[in-house]
Amino acid sequence: NPHSLPLYHRDGKRLSVLGRVRELRVGEVGDWPASVLHPEGHWIAGRLIALKRSREATRRVRKQLQQRASHKQKNVSPASWKAAAYLLVWTSLLEEYPVEDLLECYRFRWQIELVFKRLKSIMGLGHLPKKDPASARAWLHGKLLVGLLVERIIGEASAFSPWGYRLVSPAKPLAGSRVRLS
C-alpha cells in the first residue's frame with residue numbers, strides 16, 4: 001500500500017510512487033532511493049524496489065482488494081487499483097545488496113509469515129494461555145512441535161498412495177469410458 005508509508009526524495013519532497021513505477025514493463029524491476037520520515041523527526045534512508053506484475057497476478061491482487069473492500073463495505077481507491085499492478089518493497093538495506101537478492105529474501109520472509117498465520121489460525125498459537133515463563137515456553141514448544149509434525153505429514157501425504165507406489169501414468173477417469181460398474 002503506497003499510502004501507508006509515505007516516501008520522500010533525498011531533498012524532502014514527497015515521492016510519487018505510482019509516477020515512478022509507471023514505466024516498468026511486466027517482470028521488470030525498478031530500484032530508486034527513497035527515504036522515510038521517522039515519527040521522532042529524523043530521516044531513514046532506504047530504497048523503493050518495484051516489480052511489475054503479470055496481467056494474471058494483477059488480476060488476482062485486484063480481486064483480493066475488491067473482496068476486502070466489499071467485506072468492509074468500502075470502495076477500492078483508484079491509486080490502490082493502479083498499485084495492484086506492482087509488487088512494492090521499501091527497505092533500509094542500501095545499494096550494496098542486489099535487488100534480486102532482496103526480493104528473494106522478501107519472498108522467504110513472506111512464506112515464514114504465512115506459516116505463522118497458519119499456526120495462529122489453525123493451532124491457536126495466537127493466544128498464550130500461560131503466565132509462568134517456563135510453562136509458557138513449554139506450551140509454545142509443544143505447539144511448534146505439533147505444527148512441524150503437521151507440515152511434515154502434509155508433505156508426506158502428497159506422495160502417499162494406498163497401493164504403496166506412484167503410478168507411472170496418471171489414472172484415467174471412468175466417466176465417459178465404456179467400463180460398466182455394477
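The values are calculated or read from the model by the stated rules, or taken from the named source; none is laboratory data. Values in this document were obtained by computation on a predicted structure and should not be read as measured data. Glycine gets a Cβ as well: all are built from the backbone with ideal geometry, and neighbour counts include every protein chain shown. Just so you know, the surface numbers come from the protein's heavy atoms only, side chains and all, with ligands and any DNA or RNA stripped out. Shrake-Rupley method; radii C 1.70, N 1.55, O 1.52, S 1.80 Å.
Span-like helix criteria (full DSSP H runs; alpha carbon extent of at least 20 Å along the helix axis; mean Kyte-Doolittle hydropathy of at least 0.5) are satisfied in the chain by 133-157.
When you filter the GluC sites (Glu not before Pro) in region 1-88 for DSSP loop state and at most 16 other Cβ atoms inside 10 Å of their Cβ, you are left with Glu23, Glu28, Glu40.
What accessible area per residue comes out for the chain, rounded to a whole number of Å², with a 1.4 Å probe? Working shown, then result.
Numbers: 14400 Å² over 182 residues.
Accessible surface, normalised per residue, equals 79 Å².
In µm²/s, what is D for the chain at 20 °C and 1.002 mPa s, where D = kT/(6 pi eta Rh) by Stokes-Einstein and Rh is the Kirkwood radius from Cα pairs? Translational D for this selection: 101 µm²/s.
Between His42 and Glu95, how high is the FRET efficiency from 1/(1 + (r/R0)^6) when r is the Cβ-Cβ distance and R₀ = 22 Å? Nearest 0.05.
The formula returns an efficiency of 0.60 here.
Model label points for Lys117 and Asp31, set 7 angstrom from Cα along the Cα-to-Cβ axis, are 2.7 nm apart.
Tell me the GluC sites (Glu not before Pro) within region 73-153 that lie in a loop according to DSSP and have at most 14 other beta-carbon atoms within 10 Å. Don't skip to the answer; put the middle values down first.
Details: sites: Glu95, Glu96, Glu100, Glu104, Glu113, Glu151; in loops: Glu95, Glu96.
Qualifying residues, ordered by number: Glu95, Glu96.
The listed residues Ile122, Ile49, Ile154 rank as Ile122, Ile154, Ile49 when sorted by accessible area, largest first, using a 1.4 Å probe.
Shape of region 1-90 from the C-alpha gyration tensor: oblate (a/c of 1.5 or more and a/b not above b/c, with a ≥ b ≥ c the square roots of its eigenvalues). One Cα centroid belongs to region 90-116, the other to region 15-85; the line between them spans 16 Å. In the chain, helices alone account for a calculated mean residue ellipticity at 222 nm of -14000 deg cm²/dmol, with every DSSP H run of four or more residues adding -39,500 (n - 2.57).
Taken along the Cα-to-beta-carbon direction at a fixed 7 Å, the label points for Lys82 and Arg10 span 2.6 nm. What FRET efficiency comes out for Ala134 versus Gln67 if R0 is 41 angstrom and r is the Cβ-Cβ distance? Round to the nearest 0.05. Efficiency, rounded to the nearest 0.05: 0.45.
Restricting region 56-123 to trypsin sites (Lys or Arg not before Pro) that sit in a DSSP loop and have at most 16 other Cβ atoms within 10 Å of their own Cβ leaves Lys72, Lys74.
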